[in-house]
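Reading through the structure tokens given below for one structure.
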Amino acid sequence: MPRVYNFSAGPSMLPQGVLRRSADELEDYNNTGMSVMEMSHRSKTFMAVYEKVYAKLRRVMDIPDTHEALFLQGGATLQFASIPMNLMKGHESADYAITGFFSNKAYVEGQKYGGARVALSTKSSDYTIIPLQSSFTVDPKAAYFHYCHNNTIFGSRWPYMPETENVPLVCDMSSSILSEPVDVSKYGIIYAGAQKNMGPSGLTVVIVRRDLMGNALPYTPSVMDYAAQSQGESMVNTPPTYGIYLLGLVLDWLENLGGVTAIEKRNREKAKLLYDLIDDSNLYRASIAADSRSMMNVTFNLGNVELDAEFVKQAAKRGLVSLAGHRATGGIRASIYNAMPIEGVRALCDFMKEFEFDYGK
Ligand SMILES: *Cc1c(COP(=O)(O)O)cnc(C)c1O
């Protein structure tokens with residue numbers, strides 16, 4: 001079977017070059033006679049892999065010395081609990097911006113470990129917008145302000161960085177990390193599950209301002225304690241070794257393309273092809289307000305569920321797969337993360353034009 005264009009929201013496509021290199025090295029990594037999967041995480045060979053990936057991530061994201069980078073497990077979902085456990089001490093509550101499915105999950109989890117306040121919610125507009133800064137307030141006593149940069153399910157993206165004064169900004173970047181430059185110095189915490197833009201599931205990257213570490217609530221499991229993980233080089237227990245190695249290959253691929261500035265340009269171009277087609281069409285309707293649209297998850301629908309289903313079915317026959325929207329929203333979602341080549345987006349656009357010719361009015 002030839003490779004398909006996979007529009008899955010996650011786990012999602014990896015660059016073909018990364019898959020090939022990992023296959024080449026699968027059984028014999030760097031003349032060790034074993035796979036990276038098979039070696040001790042404390043071995044010299046793996047420690048060298050780890051140090052390189054750590055340095056590469058810092059370089060690609062331009063992470064300042066004020067911030068630590070951790071390679072953990074448990075997905076973004078475990079961070080919904082780790083964040084309050086590490087940051088809540090000495091505070092009565094934290095602020096949450098609810099602009100979609102995962103930011104709401106983060107809020108619900110946050111309530112278990114301290115007070116959680118809804119600073120804003122866009123539920124009443126079905127999560128189709130991102131509100132202006134002037135429409136909400138930040139509690140100056142909040143332990144942190146949590147938001148989700150790119151709402152994977154609804155297909156929206158914060159077009160600006162919220163201003164929170166001295167309240168640490170905490171951001172779930174699971175579906176947008178490495179897709180555009182980010183000023184890491186402005187954040188208290190940036191975290192992401194790897195399976196959208198960084199590698200396979202099982203690895204979670206957490207970037208945390210060093211002065212926010214070391215204040216975990218007493219019952220915090222040590223694998224969730226940022227200070228303990230930082231001291232132990234993310235090896236309080238066995239880290240997701242193969243995921244870390246694959247992240248290294250993805251970062252090599254990204255650096256060869258020109259890094260986050262170059263990939264942002266490519267991502268903008270890819271998203272524009274789709275949104276322009278949707279906006280010019282009589283059949284397709286974009287789900288999200290024009291100023292808040294995601295570059296990674298393009299959501300739209302065809303006005304009725306049967307037609308949406310027919311679209312997904314016919315697209316799959318052309319090797320354009322996983323286009324069905326999330327079960328919570330229905331419709332269509334084309335996830336076009338970093339690894340989706342522009343040719344894949346062009347192929348989808350060609351199919352959409354033909355489908356409109358056949359089914360549009
Ligand atoms: C996928 C996703 C999650 C959930 O990640 P897990 O690794 O499954 O815990 C959380 N937030 C966002 C924005 C996501 O896209």
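To keep it simple, each residue is scored yes or no on (1) of a type in the set (S, T, N, Q); (2) in contact with a Phe, Trp or Tyr (Cβ under 6 Å, 6 or more places away or on another chain).
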residue	(1), (2)
Phe7	no, no
Gly10	no, no
Pro15	no, yes
Leu19	no, no
Asp24	no, no
Arg42	no, no
Thr45	yes, no
Ala48	no, no
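Which members of the stretch 225-234 meet the condition of being surrounded by fewer than 16 Cβ atoms within 10 Å (Cβ to Cβ) and on the phi < 0 side of the Ramachandran plot?
Passing the criteria: Gln231, Gly232.
If I filter the stretch 215-241 down to residues being among the hydroxyl-bearing types (Ser, Thr, Tyr) and in a loop (DSSP other than H, G, I, E, B), which single residue comes out as nearest to Leu57 (Cα to Cα)?
Ranking the qualifying residues of the stretch 215-241, first place goes to Ser234.
Looking at (1) touching a strand residue (DSSP E or B) at 6+ places or on another chain (Cβ under 8 Å); (2) free of Cβ contacts under 8 Å to residues at least 24 places away in the same chain; (3) charged (D, E, K, R), which one does Asp172 not meet, given that it meets all the others?
(2)
Of the conditions (1) within 16 Å of the ligand (Cβ to nearest atom); (2) touching a Lys or Arg at 6+ places or on another chain (Cβ under 9 Å), Asn197 clears all except one; give me its number.
(2)
Filter the stretch 253-286 for residues that are among the polar types (S, T, N, Q) and within 20 Å of Asn304 (Cα to Cα); which is farthest from the chain's Cα centre (by Cα)?
Restricting to residues being among the polar types (S, T, N, Q) and within 20 Å of Asn304 (Cα to Cα), the top hit is Asn282.
Tell me, please, whether a residue that is assigned to a loop (DSSP other than H, G, I, E, B), assigned by TED's automatic domain parsing to the domain that holds Asp65 and either within 16 Å of the ligand (Cβ to nearest atom) or modelled with pLDDT under 95 (or both) can be found in the stretch 133-143. Spell out the reasoning first.
So the first thing to find is which residues in the stretch 133-143 are assigned to a loop (DSSP other than H, G, I, E, B), and the list is 136-143.
From what's left, assigned by TED's automatic domain parsing to the domain that holds Asp65: 136-143.
With either within 16 Å of the ligand (Cβ to nearest atom) or modelled with pLDDT under 95 (or both) added as a condition, the list becomes none.
Scanning the stretch 133-143 turns up no residue that is assigned to a loop (DSSP other than H, G, I, E, B), assigned by TED's automatic domain parsing to the domain that holds Asp65 and either within 16 Å of the ligand (Cβ to nearest atom) or modelled with pLDDT under 95 (or both).
Right, Ile83: of a type in the set (A, V, I, L, M), without any contact (Cβ under 8 Å) to a residue 60 or more places away in the chain and in contact with a strand residue (DSSP E or B) (Cβ under 9 Å, 6 or more places away or on another chain) or not?
So Ile83 fails the test.
What about Asp183, is it under 20 Å from Met295 (Cβ atoms), out of contact with any strand residue (DSSP E or B) (no Cβ under 8 Å at 6 or more places or on another chain) and away from the ligand (no atom under 12 Å from the Cβ)?
Yes; evaluated as a whole, the condition is true for this residue.
With respect to the numbered conditions (1) closer than 24 Å to Arg157 by Cα; (2) crowded, with 22+ Cβ neighbours inside 10 Å, which one is the sole condition not fulfilled by Asn86?
All conditions pass for Asn86, except number (1).
Specify the residue that is surrounded by the fewest Cβ atoms within 10 Å (Cβ to Cβ); the eligible residues are those in the stretch 303-323 that are outside any helix (DSSP H, G or I) and in contact with a strand residue (DSSP E or B) (Cβ under 7 Å, 6 or more places away or on another chain).
Applying the filter and picking the extreme gives Gly303.
Name the residues in the stretch 32-84 that are within 16 Å of the ligand (Cβ to nearest atom) and either at pLDDT below 95 or among the hydroxyl-bearing types (Ser, Thr, Tyr) (or both), would you? Outline the logic, then answer.
Initially, the stretch 32-84 is screened for residues within 16 Å of the ligand (Cβ to nearest atom), giving 70-84.
Result: Thr77, Ser82.
From the list Ile207, Ile288, Ile244, pick out the single residue that is touching a residue at least 40 places away in the same chain (Cβ under 8 Å) and in a helix (DSSP H, G or I).
None of the other options fit; the residue is Ile244.
Which of the residues belonging to the stretch 89-102 are surrounded by fewer than 21 Cβ atoms within 10 Å (Cβ to Cβ) and either assigned to a loop (DSSP other than H, G, I, E, B) or within 16 Å of the ligand (Cβ to nearest atom) (or both)?
Of everything in the stretch 89-102, those that are surrounded by fewer than 21 Cβ atoms within 10 Å (Cβ to Cβ) and either assigned to a loop (DSSP other than H, G, I, E, B) or within 16 Å of the ligand (Cβ to nearest atom) (or both) turn out to be Lys89, Gly90, His91, Glu92, Phe101.
Could you go through the stretch 206-214 and let me know if any residue there is crowded, with 17+ Cβ neighbours inside 10 Å, within 16 Å of the ligand (Cβ to nearest atom) and at pLDDT 95 or above. Let's see the steps before the verdict.
Filtering the stretch 206-214 for residues crowded, with 17+ Cβ neighbours inside 10 Å gives 206-209, 212-213.
Cutting the leftovers down to within 16 Å of the ligand (Cβ to nearest atom) gives us 206-207.
Now drop any that are not at pLDDT 95 or above, which leaves 206-207.
Scanning the stretch 206-214 turns up at least one residue that is crowded, with 17+ Cβ neighbours inside 10 Å, within 16 Å of the ligand (Cβ to nearest atom) and at pLDDT 95 or above.
Could you check the stretch 237-274 and list, in sequence order, the residues that are within 25 Å of Glu25 (Cα to Cα), buried (at least 17 other Cβ atoms within 10 Å of the Cβ) and hydrophobic (A, V, I, L, M, F, W, C)?
Answer for the stretch 237-274, where residues must be within 25 Å of Glu25 (Cα to Cα), buried (at least 17 other Cβ atoms within 10 Å of the Cβ) and hydrophobic (A, V, I, L, M, F, W, C): Ile244, Leu246, Leu247, Leu249, Val250, Leu251, Trp253, Leu254.
The values are calculated or read from the model by the stated rules, or taken from the named source; none is laboratory data. Because the structure is predicted, anything quoted here is derived from the model rather than measured. As a convention, Cβ positions derive from the backbone with ideal geometry for all residues, glycine included, and neighbour counts pool all protein chains shown.
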